[in-house]
Amino acid sequence: MGKSGMKKRCLRFFKKNYFQTEKGFTMIELIVTITVLAVIAAFTIPSLLGFVDDAKAKDCRSKTNDIKRSYTDLVVDKGVEVPTKYRSFSIVDKIVIDKYGGETQVLDTEDETGSKVEKVYKGICPSGGIYLIQFVDTEESKGTEVEMHILCSCEGHTSDKAGVTHIAIRTLENDIKSDNSFIVSYFNAHPTSTLDSTGKNFAPDVQKILEFLGVDTKTTCSWRIEKIGEDYNIYWTETFIDDLPEGSEIYVTKYNVSTGKFYHAKTEVGVHSDGEKDIKHIETNANWIEDK
């Protein structure tokens, strides 16, 4: 074979392989590649997500422990004689807001040992969980002492999980007790004894307080606030009653603001008129059982 023949064969070989390369993968090669990648992803993605979730849970626990340590340090710096008997949410506010950039619906102004034992915070947990911080009395050998408990709404982040019902009720209570309460201003301006989540006029303003903390108010819960003299009862159900027929049975938690006691009962969905249309509400006439 002469040089010209060899040259032609080389050119044909080059063109054939060059254009095959330019065409990329064949359909079969693409299917095989995608299948292999899908199998790898099926095994690796869950473990990677689990690793990320575990890391966030550890970070959350680390932050809760640091809040407790920081609280003790600040109480000691304050010169409190018996730090283990002291409770102050203004100090907790300082730690959560100043140190971690967290948020709370109502800031505390009191800085003394008092009767308030729980408060809700957000913006600290890396998974978006809500914190319920409690001061719990414990009987020790030398008398009653106070322990700080921090509960996160994310599963597995803390030894106990903060339930949405508990968080929501405490949030509404915080507003009622605040100096510029939305809820109290409503009752002061209207000749009524109840405020329902299903109402269209003022209820949306109260819903914003709950949505601020990440509570789903549009599909998973309903509430009623009842004013009796200067006292308030808060009723909460983890059932969205707007679309339920009248008389539907629901499980409800009741909280009395003045006594701080919780109750529970099975009650029903009721209906009343606001003068223009029918409004669903939680029936409060029930056999309430006190939580122990």
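The values are calculated or read from the model by the stated rules, or taken from the named source; none is laboratory data. Keep in mind it's a predicted model, so treat the numbers as computed, not measured. Here the Cβ positions follow ideal geometry from the backbone for every residue, glycine too, while neighbour counts run over all protein chains shown.
Among the residues of the range 242-269, those that are in contact with a His (Cβ under 8 Å, 6 or more places away or on another chain) and without any contact (Cβ under 8 Å) to a residue 60 or more places away in the chain comprise TYR251, VAL252, LYS254, VAL269. Would you point out the residue of the range 191-204, among those that are assigned to a loop (DSSP other than H, G, I, E, B) and out of contact with any helix residue (DSSP H, G or I) (no Cβ under 6 Å at 6 or more places or on another chain), that is surrounded by the fewest Cβ atoms within 10 Å (Cβ to Cβ)? Per the criteria, the residue is PRO191. Does the range 278-289 contain any residue that is in the same structural domain as ASN188 (by TED's automatic domain parsing), surrounded by fewer than 17 Cβ atoms within 10 Å (Cβ to Cβ), closer than 24 Å to ASN201 by Cα and at pLDDT 90 or above? Checked against the condition, which is being in the same structural domain as ASN188 (by TED's automatic domain parsing), surrounded by fewer than 17 Cβ atoms within 10 Å (Cβ to Cβ), closer than 24 Å to ASN201 by Cα and at pLDDT 90 or above, the range 278-289 yields at least one hit. Selection of the range 233-292 for residues being closer than 20 Å to ARG170 by Cβ and of a type in the set (Phe, Trp, Tyr) yields TYR235, TRP236, TYR251, TYR255, PHE262, TYR263, TRP288. Here THR64 qualifies as within 20 Å of GLY129 (Cα to Cα), among the polar types (S, T, N, Q) and modelled with pLDDT of 75 or more. Counting only residues that are in contact (Cβ under 8 Å) with a residue 24 or more places away in the chain, not small (Gly, Ala, Ser) and not in a strand (DSSP E or B), the range 270-292 holds 4 of them.
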